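Throughout, read-outs are computed from the coordinates displayed, never taken from laboratory work. Worth saying up front: this structure is predicted, and the values here are computed from it rather than measured. Here the Cβ positions follow ideal geometry from the backbone for every residue, glycine too, while neighbour counts run over all protein chains shown.
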Amino acid sequence: MVNRIIQSTKNKSSVNKEELQQETKKIMTIPYVQGVSEKIKRVCYKEGIHVVFRSGKTLRSILTHVKPKPDDNNLPGVIYKIPCLDCNRSYIGETGRTLQVRIGEHKRHCRNLDTSKSAVAQHSLEEGHRIDWSGSKVIDKETNWHKRRIKEAIHIRRIPNFNQDEGLAISPIWTSDITR
């Protein structure tokens, strides 16, 4: 009795496979070209191939970008520069958050005269200089924390600054190449 059930199940599945193979068609997707595509479709139909057309890129699709490019100030993972209005030096920093958030912290430290947490506040208070908050800008982008720290250190060595430290330690062998 068990053997009959197994045999009948095998027979049913083989019939289903044959029916399935007969119903399955070959499908080909090609770009539509007026005058040519119709002829290709007729030839393929005779061979049992179903042809589906797709439109190619239009000038509109190439030139139009629906999603606006994000502003660098709203991107996380940046190296930034905050210039001083009274000297040619700037503060160079890095943050995994957005520039706007970090600038807000620097401004708060300046208002609270908290020089231990911000070199910007220290420069402003000790030198009596004004900070150019509107001139703050992203100078590099990097989401990886370690790479971002390296990039920050490189920019600190390249740009005249009032940072409290030089950032990540970089071998003197590379210093001559970096400052060029």
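Dimensions of the range 31-180 based on its C-alpha atoms, expressed as ranges along the principal axes with the largest first, amount to 86, 38, 23 Å. The label point for Lys107 and the one for His50, both projected 7 Å from the Cα toward the Cβ, are 6.0 nm apart. Annotation: amide H of Val51 within the under-5 Å range of Met28, sequence separation 5 or more or interchain, hydrogens built in the peptide plane.
A simple spin-label model places the labels of Asn88 and Val43 7.1 nm from each other, with each point 7 Å out along Cα-to-Cβ. Residues Leu113, Leu99, ranked from the fewest to the most other C-beta atoms within 10 Å, line up as Leu113, Leu99. Remark: spin-label model distance Ile30-Asp114 equals 6.9 nm, labels positioned 7 Å along the Cα→Cβ axis.
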